[in-house]
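Novice: Structure in structure tokens, see below.
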Amino acid sequence: MAEPGTTTQDALPKGFRSAEQGWPELRRIPHPPYRIPLLGDLLGASRRTPVQDSLKYAEQLGPIFRRKVFGREFVFVGGAGLAADMADETRFAKHVGLGIANLRPVVGDALFTAYNHEPNWQLAHDVLAPGFSREAMAAYHPMMLDVAERLTGHWDRELTAGRAVDVPGDMTKLTLETIARTGFGHDFGSFERARPHPFVTAMVGTLTYAQRLNTVPHPALLRDATRRNEADIAHLHDTVGELVQARRSGGGGDGDLLDRMLDTAHPETGERLSAENVRRQVITFLVAGHETTSGALSFALHYLSLDPRIAARARDEVDRVWGDTAVPGYDQVARLRYVRKVLDEALRLWPTAPAFAREAREDTVLGGEHPMRRGAWALVLISMLHRDREVWGPDAERFDPDRFDAAAVRARAPHTFKPFGTGARACIGRQFALHEATLVLGLLLRRYELRPDPAYRLRVTERLTLMPEGLRLYLDRRHPAPTASRVPVPDEVPSDSGCPVHRAGD
Ligand code: HEM
């Protein structure tokens, strides 16, 4: 079942506009050699790694190129100049296309998948944005610490047993539990289970299916997978329906996101989110709020394990800033500047949400060179933008957190680092993700030395998001790190009620 009243088929977006219709000078944009009639540019491409294939094409074809798959043609942009032009909100807006549009049967007009004209986007944005203010974040901090303690408890046991830890698996448990707990007061018990929670399995199923839809000529070819997908969607909605019901009958929580969704009226119009929209938002936050952060933490740990010099510098900072504070307070996390640079650099090389799409609001000319009709769109490949040698230098492939020194950041052109997207539709959870990930990296660096498996070579798996596949690390315990279950009183937190999305720059 998709959502009530729809099926996967009819809930799929109509009019997946092929580029021929929107780009009058399309022929001037290069495409891969050896185009096959009907199939298009499939030679040498794998349906499992569309992003990494596109990176290879970008190497050969330059800052803008096109690919044709089963008769539909798409334009990809990755050069810094063109990507910056597409960030101009007066001429371009988010386009709900390709992978994201395939999630419409799952979450409809929730924040991530809403079309720009759908009224529920502005309503939900205005109601939910204060849930990501500094005050809200400071209130989530103790819960984030509690979940992180479950991770270190698990890692301590693995270490004692002499086993390597499953980094992406454990980071996914951590980030899922964190968003479930802080957003919805829910506990999936991920660390206590031998197998992933069925909700997680269903969620991964729908993401994988959404990606596969892009790689077949017609959804009818995925009949069995479509049936499984519909069961997965039903499971997601049932689980969330129960969660919402429990909250309603329990008389409210502690002011988390779910309370906000259920109780808050729009400050100007007095409107509230409908029951159906609340379900869609909860699923969206559970999905968007954990996969990407889990990948970011995993890539950061991978690079930290490979470079003891960088790890030592980050660890020194944690020791210096946190000293022997048993439990770091909210403001002590933002002061881990180098750890944050490690995270930024991991997100530069592997932006875990690897692309976003932009469409022309009116007829325009991209980069002064490529005419686009109103509604024409392109996919901005963040992973390609983040490796543009004109911005990042000839060693753009090298992991180097110093690229995020304040002076280096100031010297770069705007819109060159975009892991959280751009404009009004940029990531609402950016501060949440950065706080959570910096806190967890700090806690892990303070507690463990990380040893890589010498045989491991980075393999990146794609299911709309990016994740290092099969990454395992060996741990050594450092001097006994202080443990305490006392919840700290956050340091003084200045009041800030502005929209956290619009405030965020590059
Ligand atoms: C490292 C972690 C994260 C990354 C890399 C990331 C990346 C992104 C990107 C690139 C977009 C824009 C997509 C587009 O333009 O189509 C986005 C939107 C969004 N993200 Fe995140 N995200 C992260 C964490 C989070 C977290 C923790 C949450 C929630 C707690 C979240 C919730 C959302 C939502 C709801 C949107 C849609 C916003 C809108 O259109 O109004 N994300 N994210």
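Computed from the coordinates by the stated procedures, all read-outs in this text should not be read as laboratory data. Source: prediction; values computed, not measured. Counting neighbours? That spans all protein chains shown, and the Cβs are built from the backbone with ideal geometry, glycine included.
Novice: Charges at C-beta only: +1 for Lys and Arg, -1 for Asp and Glu. How large is the resulting dipole of the chain about its Cα centre, in Debye rounded to 20?
Specialist: Roughly 1320 debye, rounded to the nearest 20.
Novice: Turning to a different aspect of this structure: If you take every residue apart from L473 with its C-beta less than 12 Å away from the C-beta of L473, what net charge results, scoring Lys and Arg +1 and Asp and Glu -1?
Specialist: Net local charge, L473 excluded: -3.
Novice: Cα convex hull of the chain: how many Å³ per residue?
Specialist: In the chain, the Cα convex hull volume per residue is 154 Å³.
Novice: Also, I was wondering about something else. Using +1 at the Cβ of each Lys and Arg and -1 at the Cβ of each Asp and Glu in the chain, identify which of L441, L262, G393 lies farthest towards the dipole's positive end.
Specialist: So the residue we want is G393.
Novice: Now, a different point. May I ask you to list the trypsin sites (Lys or Arg not before Pro) in the stretch 355-431 that are in a DSSP loop and have at most 13 other Cβ atoms within 10 Å of their Cβ?
Specialist: R374, R398
Novice: What does the net charge come to around W121 if you take all other residues with beta carbon closer than 12 Å to its beta carbon, with K and R at +1 and D and E at -1?
Specialist: Summing Lys/Arg as +1 and Asp/Glu as -1 gives 0.
Novice: Could you calculate, for the stretch 173-321, the ratio of the Cα radius of gyration to the Kirkwood radius, expressed as Rg to Rh?
Specialist: Rounded to two decimals, Rg/Rh equals 1.07.
Novice: Same structure, new question: Suppose every K and R has +1 on its Cβ and every D and E has -1 on its Cβ; what is the size of the dipole of the stretch 407-457 about the Cα centre, in Debye to the nearest 20?
Specialist: 200
Novice: Over the chain, calculate the relative contact order: mean separation of alpha carbon pairs under 8 Å at least 6 apart, over the residue count, as a percent.
Specialist: Relative contact order here is 24 percent.
Novice: PRE reach from E276 (point 7 Å along Cα→Cβ): which of the stretch 108-135 fall under 12 Å by backbone N?
Specialist: 108-110
Novice: What do you get when you divide the Cα radius of gyration of the stretch 315-422 by 2.2 N^0.38 Å, with N the number of residues?
Specialist: Against the compact-globule rule of thumb, the ratio is 1.39.
Novice: Run lengths n ≥ 4 of DSSP H only: what is the helix-derived mean residue ellipticity at 222 nm for the chain, with -39500 (n - 2.57) per run over all residues, to the nearest 500?
Specialist: -14500 deg cm²/dmol
Novice: For Y456 and Q60, FRET efficiency with R0 = 35 Å and r from the beta-carbon atoms, rounded to 0.05?
Specialist: 0.80
Novice: Would you mind pulling out the separation of the Cα centroids of the stretch 392-443 and the stretch 59-96, in Å?
Specialist: Taking the Cα centre of each part, the stretch 392-443 and the stretch 59-96 sit 21 Å apart.
Novice: Within the chain, which is the longest segment that contains none of the GluC sites (Glu not before Pro) sitting in a DSSP loop with at most 15 other Cβ atoms within 10 Å?
Specialist: So the longest stretch without any such site is 90-267.
Novice: To continue, here is another question. Sequence neighbours fewer than 8 away in the same chain don't count; with that in mind, list the lysines whose C-alpha is under 29 Å from K68.
Specialist: Straight-line reach from K68, under 29 Å: K14, K56, K94, K418.
Novice: Mind checking the dipole of the stretch 175-291: about its Cα centre, +1 per Lys or Arg Cβ, -1 per Asp or Glu Cβ, Debye to the nearest 20?
Specialist: Charge dipole of the stretch 175-291: 440 debye, to the nearest 20.
Novice: Right, something else. Dipole of the chain (Lys/Arg Cβ +1, Asp/Glu Cβ -1, origin at the Cα centre): which of T215, P33, V342 lies farthest to the positive side?
Specialist: My answer, from the dipole projection, is P33.
Novice: For W155, what charge total do you get from the other residues with a beta carbon under 15 Å from its beta carbon, if Lys and Arg give +1 and Asp and Glu give -1?
Specialist: +1
Novice: Along the Cα-to-Cβ line of A164, 7 Å from the Cα, sits a label point; which residues in the stretch 294-310 have backbone N less than 18 Å from it?
Specialist: Inside the label zone: 298-308.
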